[in-house]
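The values are calculated or read from the model by the stated rules, or taken from the named source; none is laboratory data. Remember, it's a predicted structure, so these values are computed and weren't measured experimentally. Quick reminder, even Gly has a Cβ in these numbers, built from the backbone with ideal geometry, and neighbours come from all protein chains shown. Please note that ligands, DNA and RNA were not included when accessible areas were found on the heavy atoms of the full protein model with its side chains. Shrake-Rupley method; radii C 1.70, N 1.55, O 1.52, S 1.80 Å.
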Amino acid sequence: QVQLVESGGGLVQPGGSLRLSCAASRTIFRTAAIHWYRQAPGKQRELVATITTGGSTNYADSVKGRFTWSRDNAKNTVYLQMNSLKPEDTAVYYCNADSAFFSYWGQGTQVTVSS
């Protein structure tokens, strides 16, 4: 059973924008912190951004000021708006829902920043 559904990746030029979406079940959305990780070829998976159930957000230094969280409670969906994208942002981005009782991963979505 698919718990998280990601969308929004694609190819964009440097300086461009993309918005990633992560849709979850109502239970997950209300009880779990949601994280975005990314993994570039040959590199370890890194934590990019976190939003808690209370709405607190945190960002990696590499994306701070360029990436922004938002959430739509009616749709049980969180969004990561990515602006001023750089080639080094190229990676597969994964949504993760994490609580004391479960940890679910999305299937990943490719983001490619290239001219």
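The table below lists the values:
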{"item": "Residues (within 21 Å of Lys75 (Cβ to Cβ) and of a type in the set (D, E, K, R)) located in region 1-51", "result": "Glu6, Arg19, Arg26, Arg30"}
{"item": "Region 34-58, subset over 12 Å from the mean Cα position of the chain (by Cα) and open to solvent by less than 60 Å² (accessible area, probe 1.4 Å), residue modelled with the lowest pLDDT", "result": "Gly55"}
{"item": "Matching residues, region 6-17, being of a type outside the set (Gly, Ala, Ser), in a strand (DSSP E or B) and more than 11 Å from the chain's Cα centre (by Cα)", "result": "Leu11, Val12"}
{"item": "In region 75-108, the residues that are touching a residue at least 60 places away in the same chain (Cβ under 8 Å), open to solvent by 40 Å² or more (accessible area, probe 1.4 Å) and closer than 15 Å to Gly16 by Cβ", "result": "Gln81, Asn83, Ser84, Lys86, Pro87"}
{"item": "Per-region count, region 18-32, residues of a type outside the set (Ser, Thr, Tyr) and under 12 Å from the mean Cα position of the chain (by Cα)", "result": "5"}
